[in-house]
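Before any comments, here is the structure.
The values are calculated or read from the model by the stated rules, or taken from the named source; none is laboratory data. This one's a predicted model, so the numbers in the text were calculated from it and none came from an experiment. Because the Cβ atoms are built from the backbone with ideal geometry, glycine has one as well, and the counts that use them run over all protein chains shown.
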Ligand SMILES: [Mg+2]
């Protein structure tokens with residue numbers, strides 16, 4: 001297994017690695033936009049399922065437990081895999097998309113009215 005960190009690894013490198021993995025398996029044919037969106041939702045549900053029926057203190061403890069922490073990391077990786085695959089195959093630049101959405105969020109949630117508040121932008 002390769003070892004690297006978020007600081008060292010560009011998103012594009014991960015997208016290329018996933019694309020190569022899929023090319024070797026001839027999986028492009030299965031990865032239309034709908035299937036990848038379903039995969040993204042399914043993997044997100046698998047992350048939620050790890051915490052299902054657990055009390056808040058039990059959920060917090062999961063991050064301190066090696067086995068539980070690895071399960072959480074695995075599901076986050078599955079979510080990233082689907083996200084990167086979706087964006088790679090359907091030509092959406094994630095860095096541009098995130099920065100563009102952050103600019104929109106800056107307008108929706110100005111610090112002057114949002115600091116310390118959990119209200120949604122349209123909840124007055
Ligand atoms: Mg999974």
Mind listing just one residue for me: the one in segment 32-41 that is touching a residue at least 24 places away in the same chain (Cβ under 8 Å) and out of contact with any helix residue (DSSP H, G or I) (no Cβ under 6 Å at 6 or more places or on another chain) and, of those, nearest to the ligand (Cβ to nearest atom)? 37
I'd like to know if segment 76-85 contains one or more residues that are part of a loop (DSSP other than H, G, I, E, B) and without any contact (Cβ under 8 Å) to a residue 12 or more places away in the chain. no
Specify which of the listed residues (54, 101) is at pLDDT 95 or above, in a loop (DSSP other than H, G, I, E, B) and at negative phi. 54
So which residues in segment 17-31 are without any contact (Cβ under 8 Å) to a residue 40 or more places away in the chain and in a helix (DSSP H, G or I), if there are any at all? 17, 20, 21, 23, 24, 29, 30
Residue 47 passes all but one of the listed conditions (1) assigned to a helix (DSSP H, G or I); (2) more than 16 Å from the ligand (Cβ to nearest atom); the exception is number (2)
Residue 109 passes all but one of the listed conditions (1) touching a residue at least 12 places away in the same chain (Cβ under 8 Å); (2) out of contact with any helix residue (DSSP H, G or I) (no Cβ under 6 Å at 6 or more places or on another chain); (3) within 14 Å of the ligand (Cβ to nearest atom); the exception is number (3)
